[in-house]
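The values are calculated or read from the model by the stated rules, or taken from the named source; none is laboratory data. This is a predicted model, so every value here is computed, not measured. Note: ideal-geometry Cβ built from the backbone for every residue, glycine included; neighbour counts use all protein chains shown. All accessible areas refer to the heavy atoms of the entire protein, side chains included, with ligands and DNA or RNA removed. Shrake-Rupley method; radii C 1.70, N 1.55, O 1.52, S 1.80 Å.
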Amino acid sequence: MESDWIRLMNITRQEKLLLTQFAVDRANDGIIWLKPDGCIVYANETLCKMVGYNAEELYKMNIDDLHSSHEKYCTRFERLKKLGGRAILEGSYRNKLGYFIPVEISGNYLLFDGKEYNCGIVRDITNRKIIEEELRYKNIQLEKKGKRIKALSKAYVQAQEQEREWISIEIHDRIIQPLTSLFQQMQTVFSVDPTSERIVDGKLLVLVKSAIKETRNIMNDLYPSDLGRHGLVKVMNEQLLELENRTGIKTQLSMGFCVTIPHSIEVTLYRIFHEALLNIERHSHANNVLVYLTLSDDRKLIELLVKDDGQGFDLETILNNSKSKGIQSMKRRAEVVGGELFLDSRRGKGTAIEVHLPVKEMN
Ligand SMILES: Nc1ncnc2c1ncn2[C@@H]1O[C@H](COP(=O)(O)OP(=O)(O)O)[C@@H](O)[C@H]1O
Ligand SMILES: [Mg+2]
């Protein structure tokens, strides 16, 4: 191999040695040869420039004077041997002015003429470290921004819930209550004086009654006060029954767990369920709806599945459509409490919405 090299270059063995020395001296990376005790026996020009010492000064030094580490060099040398003679590590060299230079050192164990050496290739990685530091800083900023956006979304959803609750209470106090007393007074008047019913439209009572019912429905859509009173499962059951009565779609609810969940998670589940039912009624043309409410095996997630056998839709088109506010709001609501929403739908194959929410709300 060696003789090939010499023959090809048409040079003598002596010239080859000089050429190798010349190349090593001017290599792009620093090159340093060390004895097992850390004494420096050779340093190329690049290394000298890197640390600010000349070769003569370096040959009087030990690598422990240069390489700042909590470990003595001999420990690293033994490890290098155990690792099969090659290892790369990051560290720092202290230059003549006392500044630290970040370096990447590639260690190579050599046994030459019965003596052990480590031939280290040392690369100044100051620029790499600056870039890494910039990236780290940018990542922290991004993480902070992400957290801020999450906190804002959460505050937005909470404010929305509070406002809806407030509007719902206002509707109850300012509209339903007067309407109910009007209804009762009309009933009394009509029962005391049956002729009065003929003076006004005979259907007036029915009209007022249906106005009260509709207003209650709006109130309930705005804020499910029944949720606090009767719990999620009862409210879900009632809504499925109402859907059946209204549309003829067969519904089935199955649930198999017993845990108390935070109000915010319950409201989120309800909102997503409610939107899913609205979509089924408005868009699906389904005959059957299945709702499963379960707990994940590790009991950390509540899983809600709402599945219909309707006409389905093209997922990509709908997900890229900014008008799909209902679906977007379901996703956002799930994410705000640290959960996830999965959507599966194909034309002619129905739609399935699956939500996984943490049993304990994440901050
Ligand atoms: N269960 C479903 N079955 C069929 N199509 C659905 C269903 N759910 C949603 N879609 C389709 O997805 C679209 C977006 O739904 P959504 O974001 O809730 O907005 P909107 O209900 O206001 O149209 C609907 O317009 C409909 O085309
Ligand atoms: Mg919708």
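Odds and ends about this structure:
- R0 of 45 Å, Cβ-Cβ distance Lys300-Thr126: FRET efficiency to nearest 0.05: 0.50
- Assigned charges on the beta-carbon of Lys, Arg, Asp, Glu; region 2-124 dipole about Cα centre (debye): 160 debye
- Counting every pair of alpha carbons in region 230-363, the share spaced more than 26 Å apart comes to 19 percent.
- Heavy-atom accessible area per residue - region 313-363, 1.4 Å, Å²: 61 Å²
- FRET E, pair Leu18, Asn54, Förster distance 30 Å, beta-carbon r, rounded to 0.05: 0.90
- Database remark: amide H of Val337 closer than 5 angstrom to no amide H (H placed geometrically; neighbours at sequence offset of 5 or more, or on other chains; Pro and chain starts carry no H).
- Were the residues from Ser210 through Asn245 laid out at 0.36 nm apart, the gain over their Cα-Cα distance would be 11.0 nm.
- Pairs from the list Lys16/Lys72; Lys147/Lys307; Lys209/Lys234; Lys147/Lys234 with a Cα-Cα gap above 28 Å: Lys16/Lys72; Lys147/Lys307; Lys147/Lys234.
- With a cut-off of 9 Å between beta carbons, the residues surrounding Leu290 carry a summed charge of -1, where Lys and Arg count +1 and Asp and Glu -1.
- Set Lys150/Lys325; Lys60/Lys96; Lys323/Lys349; Lys150/Lys331 screened for pairs whose C-alpha atoms are more than 20 Å apart: Lys323/Lys349
- Per atom type, the chain shows carbon and sulfur on 55% of its accessible surface, probed at 1.4 Å.
- Qualifying aspartates and glutamates (Cα of each under 13 Å from Cα of Lys250; at least 8 residues distant if same chain): Glu242, Glu281, Asp308, Asp309
- Extension reserve of the Lys96-Arg79 stretch, reckoned as 0.36 nm per residue once the Cα distance is removed: 3.3 nm
- What the Cβ-Cβ distance of Val233 and Ser322 gives, at R0 = 30 Å and to the nearest 0.05, is a FRET efficiency of 0.30.
- Overall dimensions of the chain as given by Cα atoms, namely Rg and Dmax in Å: 38.8, 132
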